[in-house]
1. If I filter segment 353-382 down to residues being charged (D, E, K, R) and over 30 Å from the mean Cα position of the chain (by Cα), which single residue comes out as nearest to ARG56 (Cα to Cα)?
2. Restricted to segment 167-225, and to residues that are under 15 Å from GLU338 (Cβ atoms) and assigned to a strand (DSSP E or B), which residue is farthest from the ligand (Cβ to nearest atom)?
3. Do we find a residue being touching a strand residue (DSSP E or B) at 6+ places or on another chain (Cβ under 7 Å) and under 30 Å from ALA135 (Cβ atoms) anywhere in segment 357-377?
4. Give LEU258, LEU319 a once-over and let me know the one that is of a type in the set (A, V, I, L, M, F, W, C), more than 24 Å from VAL57 (Cβ to Cβ) and not assigned by TED's automatic domain parsing to the domain that holds SER436.
5. Failed condition for LYS526, given (1) free of Cβ contacts under 8 Å to residues at least 60 places away in the same chain; (2) of a type in the set (Lys, Arg); (3) within 30 Å of GLU152 (Cβ to Cβ), with all others met?
6. Return the residue satisfying two criteria in turn: it lies in segment 187-222 and is of a type in the set (D, E, K, R) and within 16 Å of ASN335 (Cβ to Cβ), and of such residues it is surrounded by the most Cβ atoms within 10 Å (Cβ to Cβ).
7. Out of everything in segment 317-330 that is crowded, with 21+ Cβ neighbours inside 10 Å and farther than 17 Å from GLY276 by Cα, what residue ends up being nearest to the ligand (Cβ to nearest atom)?
8. Give the residue, chosen from VAL106, VAL111, that is out of contact with any Leu (no Cβ under 9 Å at 6 or more places or on another chain), surrounded by 22 or more Cβ atoms within 10 Å (Cβ to Cβ) and in contact (Cβ under 8 Å) with a residue 60 or more places away in the chain.
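The values are calculated or read from the model by the stated rules, or taken from the named source; none is laboratory data. Source: prediction; values computed, not measured. Cβ atoms come from the backbone with ideal geometry, glycine included; neighbour counts cover every protein chain shown.
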Amino acid sequence: MSDSTTKTVDAVIVGAGFSGMYLLHRLREMGLKAVVFEAGTDVGGTWYWNRYPGARVDVESLAYSYSFSNDLEQEFEWKERYPTQPEILKYARHVADRFDLRKDIVFRTRVTAATYNDDSRDWLIRTEYGEAVTARWFVMATGCLSSSKMPEIPGLAAFKGATYHTAHWPHEGVDFTGQRVGIIGTGSSGVQSIPVIAEQALDLTVFQRTPSYSLPARNRKLRPQEVADMKARYPEFRQEQRESGAGVPVPIPTRSALEVADAERDSIYEQAWESGSLVNLLSSFTDLAVSQDANDTAKRWIHRKIHEIVADQAVADDLCPEYPFGTKRPCLDTNYFETYNRPNVHLVNLQRTPLIEVTEKGIRTSEREYEFDVIVYATGFDAMTGSLTNVDIRGRDGLSLRETWRAGPRTYLGIGSAGFPNLFMITGPGSPSVLSNMVVSIEQHVDFVADAIGHLREQGLATIEPTAEAQDAWVDHVNEIASHTLYPKANSWYMGANVPGKPRVFMPYAGGVGEYRKKCDEVAAKGYEGFALAF
Ligand code: NAP
């Protein structure tokens, strides 16, 4: 129930990352009064929180940027091929300043609950401080990887030294000089931070449960000419991004990995490896994502590379993943495998000697206790659904999103969920999101949502909500596409497998951003087909 102290706006947006910032801008341009709630003290989302050493994006800077403003595209000067977290945060801040976004963002404030009122057809949104706001439109722009996770092992609080999670890194940084450091986790955050921590620490012990496929980034300073060339052809490039599979234009492969001779296949993998682009390697052939035999060729080739780089062949063996390449998120690194040649770096294979507990002095495995001054947790996120279900969202008739999704997320297009009128998710489960360049997918969703709201307002309509039939058909379609791929073979966060008790469901849409956009455009062109619109 709202009361006289409740503020009313047109739209409440949760999160001031790339999604929330652009949506705020769009809605304001349309004349709506919108407010953004953000838990952090500044904009940037992922790039605000993940400040661990070595943090970088693994999509090239000139492609990992907004396309909605030509002036913004032209004026911002990216420095590196793969920008660091501080550079991306600088970009986010620049966007906030340039479009004067901060005046409508409430920082240091977490949204805890949101309840739909069927009579007023508004949402009542509550924050951790008990503040209440009503809004016709409620948008969760909370990101896919923002609900961080500690490992489920006993004794976490027992450790007397310092502990850090990569997703909550102190703003002032951490000095590892002279320290004995243990790190748990070898996903992208571990793979990026391990080489940097190893350079500073006295000693670094890496606790690895599952090895990652990783490709050298070949990062470098951008050349003035390539920046000028891109700036000259941005409109064309942006169109290519939107029509591509992953929001990163690459030549479409035409051949199976099994139809080329070994030497030629090796040379194609070598070129992709040298290019420092994950998408190049993933799209070397038509069938790496769908055929085990084809995928095995990439797996064996990468294993060979790891064995060439890592001097101790037993360590190299432990660093070689067995699941199909690409079915867990591959990483992009700088000197990751090389780091295991340093005398101060040690690898513990948790598949052989599992973690037992964290102790006062360090970490105990089934083999022995390791003593540390610092433990770093690079243990990931409750991906895609965590940040949505962490808020107590109640739709029609008190329907709880958390309960409704207990057996796995159900959405229409990854944008809305039946029973939750006027609730939008930006890059929600069931959309390409994490399988793509996030900025491309974010802009597409923000545009879809803003256009839908514009349409409703023009037509004098009050609510939009996916129909149960359209949602069921979409969920079936998402599952059907995933079932033709190798993705379900790995215990990945795409499948929810990293969170005990989380249902095993492949959450993103694997049909590609180009196809997905076409579908969304068709839906909009047909008057938001599959959504029920009401006065
Ligand atoms: P992650 O990929 O989920 O990796 C978490 C790591 O912690 C895994 O190695 C996991 O092992 C391990 N782990 C978790 N719980 C454990 C336990 N109880 N015992 C032992 N090991 C445990 O998380 P992340 O590295 O933070 O990356 C998440 C995603 O964020 C990436 O996949 C990527 O999409 C994005 N990201 C991108 C970049 C970039 O653009 N460069 C950088 C960082 C992150 P298992 O694999 O066995 O579960």
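1. Only one residue tops the list, namely ASP373.
2. Step by step, filter segment 167-225, then rank; the result is LEU204.
3. Among the residues of segment 357-377, not one is touching a strand residue (DSSP E or B) at 6+ places or on another chain (Cβ under 7 Å) and under 30 Å from ALA135 (Cβ atoms), which makes the answer no.
4. Details: LEU319 fails: more than 24 Å from VAL57 (Cβ to Cβ).
Of LEU258, LEU319, the one residue that is of a type in the set (A, V, I, L, M, F, W, C), more than 24 Å from VAL57 (Cβ to Cβ) and not assigned by TED's automatic domain parsing to the domain that holds SER436 is LEU258.
5. Only one criterion is unmet by LYS526, namely (3).
6. Taking segment 187-222 and keeping what is of a type in the set (D, E, K, R), we get 199, 203, 209, 218, 220-221.
Checking which are within 16 Å of ASN335 (Cβ to Cβ) leaves us with 199, 218, 220.
Details: GLU199: 16, ARG218: 14, ARG220: 10.
Residue satisfying both the conditions and the ranking: GLU199.
7. LYS328
8. VAL111
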